[in-house]
1. Enter the angle in degrees (range 0 to 90, nearest 10) between the Cα long axis of helix 45-55 and the first principal axis of the Cα atoms of the chain, meaning the one along which they spread out most.
2. Hey, got a sec? Which GluC sites (Glu not before Pro) in the range 1-87 land in a DSSP loop and have at most 15 other Cβ atoms within 10 Å?
3. Where does helix 67-76 land angle-wise versus the long Cα axis of the chain, in degrees 0 to 90, nearest 10?
4. Just subtract the alpha-carbon distance of LEU101 and SER121 from 0.36 nm times their residue separation and send over the number in nm, one decimal.
5. Given points 7 Å out from each Cα along the Cα-Cβ axis, report the PHE138 to ALA33 separation in nanometres with one decimal.
6. Dividing the alpha-carbon Rg of the chain by 2.2 N^0.38 Å yields what?
7. For a label point 7 Å from the Cα of GLN18 along Cα→C-beta, name the residues of the range 32-61 whose backbone N is under 13 Å from it.
8. Where is the GNM fluctuation largest for the chain (alpha-carbon springs, 10 angstrom cutoff): ALA148, ALA46, ALA20?
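Nothing in this text is a laboratory measurement; each read-out follows from the coordinates by a stated rule. Source: prediction; values computed, not measured. Reconstructed Cβ throughout: ideal geometry from the backbone, glycine too, with neighbour counts over all protein chains shown.
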Amino acid sequence: MFLRGANVGGKNVFRPAQLAASLSHLGVVNVGAAGTFVVRERTSVAAIRRELVQRLPFECQIGIRPAKEIIDLVRADPFAGVRFSRDLRGWVAVLGGKPKLRPALPLPFPTSGVWSVRLESIRGPFAIGLWQRRPAGFVFPSNSVEAALGVPATTRWWETFGRIVAVLESSSPS
């Protein structure tokens, strides 16, 4: 599960560990502080969404993807050959629907000058790209992806997807 707009330090009073504990009957594991969770028990997307809406003290977009999609994405290694650093990171945006627009890729943001975010590819429900530090300020991938594709998106750094797979692989299937 990927929550958009649930940042811990932001406007919402949000405690991911408390939410995960309240969903322990679903085997929910909190991954980080940005509203990323793994549901280890088998259940429907509708049931997960219903439980979340009942417990969240604010409205947000909820992206729910099957474990197989996440594992397949990580195993495909879309960043093979890219050397990450403090100044260059990979990201994946979970799309809130089928893209309404299909821009030519790769697509840099800003579109002129030195890019900060570059949309590299779209693989099913995921937009994949790179972020690089630039002197002119921070550009967050979600806003760029939403503008380019015309659908809501919530973004996580690539290493978060690795952590999700580690949780999934350490869980016994239910």
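1. 80 degrees
2. GLU41, GLU59
3. 30 degrees
4. Between LEU101 and SER121, full extension yields an extra 5.9 nm.
5. My value for the distance between the label points is 1.2 nm.
6. 1.04
7. Taking a point 7 Å out along Cα→Cβ of GLN18, the residues of the range 32-61 whose backbone N falls under 13 Å are 55-58.
8. ALA46
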